[in-house]
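Mind having a look at this structure? Questions to follow.
What follows draws every value from the coordinates through simple rules; no lab data is involved. These numbers come from a predicted model, not from an experiment. Cβ: placed from backbone, ideal geometry, glycine included. Neighbour counts: every protein chain shown.
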Amino acid sequence: MIVGIGIDVVNVPRFAATLHRTPGLIERLFSLRERTTEDGRPRTEASLAARFAAKEAVAKALGAPHGMTWHHCEVVGDSAGRPWLKITGSVLELATEQGVVTWHLSLTHDGDVAIAYVIAESG
Amino acid sequence: MIVGIGIDVVNVPRFAATLHRTPGLIERLFSLRERTTEDGRPRTEASLAARFAAKEAVAKALGAPHGMTWHHCEVVGDSAGRPWLKITGSVLELATEQGVVTWHLSLTHDGDVAIAYVIAESG
Amino acid sequence: MIVGIGIDVVNVPRFAATLHRTPGLIERLFSLRERTTEDGRPRTEASLAARFAAKEAVAKALGAPHGMTWHHCEVVGDSAGRPWLKITGSVLELATEQGVVTWHLSLTHDGDVAIAYVIAESG
């Protein structure tokens, strides 16, 4: 059964401009491993925008659009390098309350547009 | 089980231009409560575009891209203010025929892009 | 149960430019019936971009972003003209290994943006 779904679109140049003009925002939104690629380079703005969209999509799937602790929902690479959700703390609590057992995530970006879409599924 | 899925993207400036140059279109597409926010203000063009995308996405999920009565598929706020689908009349009939019990909806807009995505699930 | 999901966004003008400057690319990406509409005309660039996005979304849903044989994942019209996935060869093998029984597909384009989204479901 599907508990909730979420989609989020982010305009990459707008998002990048907000990151650049807001001191500390990138650290507040993203954990260190989210900001860095597997081979140790800083992640591109488009890739960060897609990851921010993933966090927003998770919040929508849980019906909790406000006040999420951003680091409690991380996008990490699985063993094959695919983006995956690591849910902890307050977000995990909310998901568990709602019976979420499995998260599905897909990210995409091209041109100015980054999109994430998630499905939260129960057991 | 998933009966059908639908996604729709709307270019907000083009949609807004169509609304402005077509007398009566906004009333034909949207019910009064769809055109108005919870606090009584007219809904923004981006928000209307996302709601139009939701109607198109529902039509796609039902395999019925043409001739939908737009007011038979409304996007309304649930008690927590989340956008929700209210399906009635001809759209409800078609959904019931196909065994749809639950609708999942998510909306998003940023920059010029509004997107809706839906999943129709059976019992 | 959901086996995997995928979303892909394609910037239509960029995709069209790549098609135009790369000899043989359109034939490598798309089968003859994909490149032609039901009434025998060449498919538009936006429609091809959405179909390319569908192939990428299928690859993501299967966790196999690289090296797909593009013709093993075709977007064809069903009897009602709806876009549908025809999976064969190497892509079918991978899907079968993962227990995929049903594919759900939705396509959309407006302005410069084309998007496909898929869900791979088990029995």
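Ignore the peptide's own chain and count Cβ atoms of other chains within 10 Å of each Cβ in C:98-111; give me the average, rounded.
Values: counts 0, 0, 0, 0, 2, 0, 8, 4, 11, 5, 12, 3, 14, 9.
Mean partner-chain Cβ count within 10 Å for C:98-111: 5.
For the protein assembly as shown, with the dipole built from +1 on Lys and Arg beta-carbon atoms and -1 on Asp and Glu ones, taken about the Cα centre, which of B:117, C:113, A:120 lies farthest toward the positive end?
C:113
Something else about it: Here are some pairs, B:86/C:60; A:55/C:60; A:60/C:86; A:60/B:86; B:86/C:55; B:60/C:55; which of them have Cα atoms lying more than 28 Å apart in this structure?
Violating the 28 Å Cα-Cα cut-off are B:86/C:60; A:60/C:86; B:86/C:55.
Per-residue ellipticity at 222 nm for chain A, helices alone: DSSP H runs ≥ 4 residues times -39500 (n - 2.57), over residue total, nearest 500 deg cm²/dmol?
Helix contribution divided over all residues of chain A: -10500 deg cm²/dmol.
Related question: Along the principal axes of its C-alpha atoms, what lengths does segment A:2-122 span, in descending order and rounded to whole Å?
In descending order, the Cα extents are 37, 31, 26 Å.
Hey, with R₀ at 56 Å, roughly what FRET efficiency would residue C:33 and residue B:39 work out to, going by the Cβ-Cβ distance, to 0.05?
The pair residue C:33/residue B:39 has a calculated efficiency of 0.60.
Would you mind working out the magnitude of the charge dipole of segment C:2-122 relative to its Cα centre, with +1 at each Lys and Arg C-beta and -1 at each Asp and Glu C-beta, to the nearest 20 Debye?
Details: 12 positive and 14 negative charges, 60 e Å.
The calculated dipole for segment C:2-122 is roughly 280 debye.
Have a look at C:25, C:92, C:105 and tell me which one the Gaussian network model of chain C (Cα, springs below 10 Å) gives the largest fluctuation.
Result: C:25 has the largest fluctuation of those listed.
I would also like to ask the following. Have a look at B:23, B:42, B:83 and tell me which one the Gaussian network model of chain B (Cα, springs below 10 Å) gives the largest fluctuation.
The residue that fluctuates most here is B:23.
In whole Å, largest first, what are the principal axis extents of the Cα atoms in the protein assembly as shown?
Reported extents, whole Å, longest axis first: 55, 53, 41.
Still on this structure, please answer the following. Residue C:25 to residue C:90: FRET efficiency via 1/(1 + (r/R0)^6), r the Cβ-Cβ distance, R0 25 Å, to the nearest 0.05?
So the FRET efficiency works out to roughly 0.80.
For residue C:76, what charge total do you get from the other residues with a beta carbon under 14 Å from its beta carbon, if Lys and Arg give +1 and Asp and Glu give -1?
So the surrounding residues net to +3.
Additional query: How high is the relative contact order of chain C, given as a whole-number percent (alpha carbon pairs under 8 Å, six or more residues apart)?
38
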